[in-house]
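K.L.:
Handing you a structure now.
Values in this text are rule-based calculations from the coordinates and carry no lab data. Computed from a prediction, not measured in an experiment: that's the story for all the values here. Neighbour counts are summed over all protein chains in view; Cβ atoms, including those assigned to glycine, are modelled from backbone coordinates with ideal geometry.
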Amino acid sequence: MKRIEEALEGLEGAGRIAILGHIHPDGDCAGACLGLYNYLRTVRPEAQAQVHLEAFSDYFSFLQGAEQVDHRFPDLPPYDLCFVMDCGDRERLGPAAKYFDSARKKVCIDHHITNQGFGDLYEIQPEASSACEVLYGLLDPEKIDRETAECLYLGIVHDTGVFKHSNTSRRTMEVAGALLEKGISPSYIIDETFFKKSFAQNKALGRALLSARLWLDGRLVAGRVTAQDMQELGLSSRHLDGIVDQLRVTDGVKVAVFLYPSGEDSREWKVSMRSNTEVDVSRIAVSFGGGGHVKAAGCTLQGEWTAVVEQVAAQVERQLKELE
């Protein structure tokens, strides 16, 4: 797919367009969805575009269109066109999957290495830093306004860890530079949406660090917050961004693992993994029914939290031996 306009071909009149992303949307997911939403308002103002996403961080609320996002997923007539952003497979759409299934035309834009491609049209670029970087390449740069640029820059910042992860390339920096020329404030986006944390979030980080243990002779670190922690602090999963990255920078660690409850079942955990080396955590996540990137991936597992970590540690150890 060369341009987003290719996906719009054949869309007569106003047209109803759905924009979807993965469950537990992060900065790249929210940025890609809202970036496309704002771009479509410019190039196809007569279209009726609607973003359907689970609730995301309050720190993203300044993005244009954030207040228009539907978090309730009501039953609706089939859409003419459905865009899926930053999502490796249909299952990770969660409650929004029904809009994808019934849409007359389906388009997927993503960068997950585990994405095999789904939909009528798809653009999958595993070498890209983020879905926002992929999306930028499909847009007409001259038609990107400041509001769209803010969304795309936010997504790139979050998926690259402010341009310090190994997925940051020359292309990533070129795209970021072009977005800066649209008049956005990089310091605001970085400080207010990436580094800024509430007192309760800082306490959650403290709980995770206090619980942390080392496995594999210090090559793997893992920590967790419990359902009780989250209830006491008044937090949900969308408030836990950054904890696994703090674990990741532990001296001597090859892989960091962070666990938090997936729901009411205190023995079912969302497992977030980060790699500092050649260990491919996406391989591990896929083996447990999850997905992600080589350096950042996740899955859901059940059991006592240390037993869950031991399952992950066994696969990390296997890869480390392969790399010796």
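K.L.:
Could you order peptides 251-263, 271-283 by the average number of other Cβ atoms within 10 Å of their residues, highest first?
P.N.:
Those peptides, ordered most packed to least, come out 271-283, 251-263.
K.L.:
How many angstrom lie between the Cα centre of region 58-114 and the Cα centre of region 131-199?
P.N.:
Region 58-114 and region 131-199 have Cα centres separated by 20 Å.
K.L.:
Note down the Stokes-Einstein diffusion coefficient of region 4-195 in µm²/s, whole number, using a Kirkwood radius over alpha carbon pairs, 10 °C, and 1.306 mPa s.
P.N.:
So the translational diffusion coefficient is about 98 µm²/s.
K.L.:
Provide, for the chain, the number of lysine pairs with alpha carbons under 19 Å apart, each pair being eight or more places apart or on different chains.
P.N.:
So the count of such lysine pairs works out to 12.
K.L.:
Short version: ³J(HN,Hα) in whole Hz for each residue of region 231-245, in order, from phi by Karplus 6.51 cos²θ - 1.76 cosθ + 1.60 (θ = phi - 60°), x for Gly and Pro, what are they?
P.N.:
5, 4, 8, x, 10, 10, 4, 6, 9, 9, 4, x, 5, 5, 6
K.L.:
If one computes P(r) from the Cα atoms of the chain, what percent of pairs lie at distances over 29 Å?
P.N.:
When every Cα pair of the chain is considered, 36 percent fall beyond 29 Å.
K.L.:
Then there's this: Quick one, what does Rg over Rh come out to for region 115-268 if you take C-alpha atoms and the Kirkwood Rh?
P.N.:
Taking Rg over the Kirkwood Rh, I get 1.03.
K.L.:
Still on this structure, please answer the following. Using θ = phi - 60° and the Karplus form 6.51 cos²θ - 1.76 cosθ + 1.60, what ³J(HN,Hα) does each residue of region 255-261 get, whole Hz, x for Gly and Pro?
P.N.:
The phi angles translate into 9, 10, 10, 10, 10, 8, x Hz.
K.L.:
Counting alpha carbon pairs within less than 8 Å and at least 6 residues apart, what relative contact order, in whole percent, applies to region 142-284?
P.N.:
Contact order relative to length: 16 percent.
K.L.:
Further question on the same structure: Can you give me the long-range amide H partners of CYS108? Hydrogens built in the peptide plane at 1.01 Å from N, cutoff under 5 Å, separation of 5 or more residues or another chain.
P.N.:
For CYS108, the qualifying residues are VAL84, LEU121, TYR122, GLU123.
K.L.:
I've got another one for you. Just to check I understand the Karplus step: with θ = phi - 60° and J = 6.51 cos²θ - 1.76 cosθ + 1.60, what whole-Hz values come out for region 303-310, glycine and proline as x?
P.N.:
My calculation for region 303-310 gives x, 5, 4, 5, 5, 5, 4, 4 Hz in order.
K.L.:
Next up: When DSSP beta bridges are limited to those with both residues in the chain, what percentage is antiparallel, rounded to the nearest 5?
P.N.:
Bridges in the chain are about 45 percent antiparallel.
K.L.:
Let me ask something else about it. For the pair LYS2 and ARG213, what calculated FRET efficiency results from E = 1/(1 + (r/R0)^6), where r is the Cβ-Cβ distance and R0 = 51 Å, to the nearest 0.05?
P.N.:
Efficiency, rounded to the nearest 0.05: 0.55.
K.L.:
Just from its helices, what would the mean residue ellipticity at 222 nm be for the chain, if runs of 4 or more DSSP H residues each count -39500 (n - 2.57) and the sum is divided by every residue, rounded to the nearest 500 deg cm²/dmol?
P.N.:
-10500 deg cm²/dmol
K.L.:
Still on this structure, please answer the following. For SER166, enumerate residues with amide H under 5 Å from its amide H, sequence gap 5+ or separate chain, H modeled in the peptide plane.
P.N.:
Excluding prolines and chain starts, which carry no amide H, there are no hits.
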